[in-house]
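K.L.:
Please find one structure pasted underneath; my questions will follow.
The values are calculated or read from the model by the stated rules, or taken from the named source; none is laboratory data. Predicted, not measured: the structure shown is a model, and the values here were computed from it. Every residue, glycine among them, receives a Cβ derived from its backbone with ideal geometry; neighbour counts consider all protein chains shown. These area figures cover heavy atoms from the full protein model, side chains too; ligands, DNA and RNA do not enter into them. Shrake-Rupley method; radii C 1.70, N 1.55, O 1.52, S 1.80 Å.
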Amino acid sequence: MHTLGEIAKLVNAELVGRSDLTITNLASIDCAKSGQLSYVVSEKYQDQLSNTQASAVIISKSLQKFCNTNALIVDDVYLAFAQITHLFKHKVTHTNGIHASADTDNATVAPNCCIGEQVSIGTDTTIGANTVIEDNTTIGANCTIGSNISILQGTIIGNNVVVESGAVIGSEGFGNARDKHKRWHSIAHLGNVVIGDDVNIGANTAIDRGTLENTYINRGVRLDNLVHIAHNVTIGEDTAIAACTGIAGSTRIGKRCMIGGMVGVVGHLNICDDVVVNAKSTVDKNITISGVYTGIMPLMPHKKWQIVGVWLTKLDKITQYLNIKLTHLKGK
């Protein structure tokens, strides 16, 4: 916990309100409650800002008129947020053996594992050799956790889950803010990964923790080897994703979807239930109607691709026009 005054000094912010206010953690503007600090980067969130339950918010000067609570006013909101996240990141200190507070009595743990503080592992679950399970992680019953796996702090795993060797669950998301010198500042991700029952996770797959809220892999999901799930993604029940696919941050994928190998899904999209995406496709817009989708094009300079893209969207109309002209010519 930190006072608002301490946080203001860290990011050289103008503090409007109580400097002695205690901040327990960070939260998104929609979910924040008393004792939490949030941030807003754009006027399009002015309604959420005006109605937030957060005890304080990080904002720019232009947003101050919409703010009804304590505020940290800065020039670059996202950069200030990135710097502040590191104040609230839990530091893992246990690095060897099984911590005395861990509950592993009903599980089988192979040699050379590291099990952190307040870890709970369910009945008939097996943990393979050289696996690391960090603090405050919960793993359900009848799970098979392979060797050389990293399950990072705060992860929640349901029952009957299989995780193949080399997987990393709860890794830091790819979030960075740039300063005025074009230097990157990493964002500490404070959310967790929540995995439902009956999920299979392939070898060397990586699932990032959420930035402030959680990443969700729901019941019955199947993830192949070498799949990357970014921060704050939600994957619906019984969806299957083939190898070498990457799902960018904050994307929501529905139930019973099938996504082929080497597919790329752009961030902040919604894919509805019962969608099939064929291999090597790129999903760059929301999918709102169930069905089979394919989007494959050869690599070319971006400017050329923009021109090609315009013509592709007009091909159907061009074909109809040519058919009409051809009909007229034949009639003559």
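K.L.:
Go through (1) under 18 Å from the mean Cα position of the chain (by Cα); (2) over 30 Å from ASN192 (Cβ atoms) for GLN320 and report which single condition fails.
P.N.:
(1)
K.L.:
Could you please find all residues in the range 51-96 being assigned to a helix (DSSP H, G or I), without any contact (Cβ under 8 Å) to a residue 60 or more places away in the chain and either within 25 Å of the chain's Cα centre (by Cα) or exposed (fewer than 13 other Cβ atoms within 10 Å of the Cβ) (or both)?
P.N.:
Matches in the range 51-96: ASN51, LYS61, SER62, LYS65, VAL77.
K.L.:
State all residues of the range 105-135 that are on the phi < 0 side of the Ramachandran plot, assigned to a loop (DSSP other than H, G, I, E, B) and either open to solvent by 60 Å² or more (accessible area, probe 1.4 Å) or free of Cβ contacts under 8 Å to residues at least 12 places away in the same chain (or both); if no residue qualifies, say none.
P.N.:
ASP105, ASN106, PRO111, GLU117, THR123
K.L.:
Identify all residues within the range 297-319 that are surrounded by 10 or more Cβ atoms within 10 Å (Cβ to Cβ) and at pLDDT below 85; write none if there are none.
P.N.:
MET297, MET300, TRP305, GLY309, LEU312, ILE318, THR319
K.L.:
In the range 272-296, what residues are within 14 Å of GLY246 (Cβ to Cβ) and either surrounded by 15 or more Cβ atoms within 10 Å (Cβ to Cβ) or touching a Gly at 6+ places or on another chain (Cβ under 7 Å) (or both)?
P.N.:
Passing the criteria: VAL277, ALA279, LYS280, SER281, THR282, VAL283.
K.L.:
Please report, ordered by residue number, the strands (runs of 3 or more DSSP E) entirely within the range 181-229 with at least 1 residues that are of a type in the set (Gly, Ala, Ser) and without any contact (Cβ under 8 Å) to a residue 60 or more places away in the chain.
P.N.:
Answer list for the range 181-229: 206-208.
K.L.:
Need the failing condition index for VAL193 against (1) surrounded by 19 or more Cβ atoms within 10 Å (Cβ to Cβ); (2) over 26 Å from LEU26 (Cβ atoms), just the number.
P.N.:
In the conditions (1) surrounded by 19 or more Cβ atoms within 10 Å (Cβ to Cβ); (2) over 26 Å from LEU26 (Cβ atoms), VAL193 misses (2) alone.
K.L.:
Same structure, new question: Only residues that are out of contact with any Leu (no Cβ under 9 Å at 6 or more places or on another chain) and among the polar types (S, T, N, Q): list them for the range 149-180, please.
P.N.:
SER150, GLN153, THR155, ASN159, ASN160, SER165, ASN176
K.L.:
State all residues of the range 136-170 that are outside any loop (DSSP other than H, G, I, E, B) and open to solvent by less than 10 Å² (accessible area, probe 1.4 Å); if no residue qualifies, say none.
P.N.:
ILE139, ILE145, ILE151, ILE157, VAL163, ILE169, GLY170
K.L.:
Out of everything in the range 19-39 that is outside any loop (DSSP other than H, G, I, E, B) and in contact (Cβ under 8 Å) with a residue 60 or more places away in the chain, what residue ends up being most open to solvent (accessible area, probe 1.4 Å)?
P.N.:
ASN25
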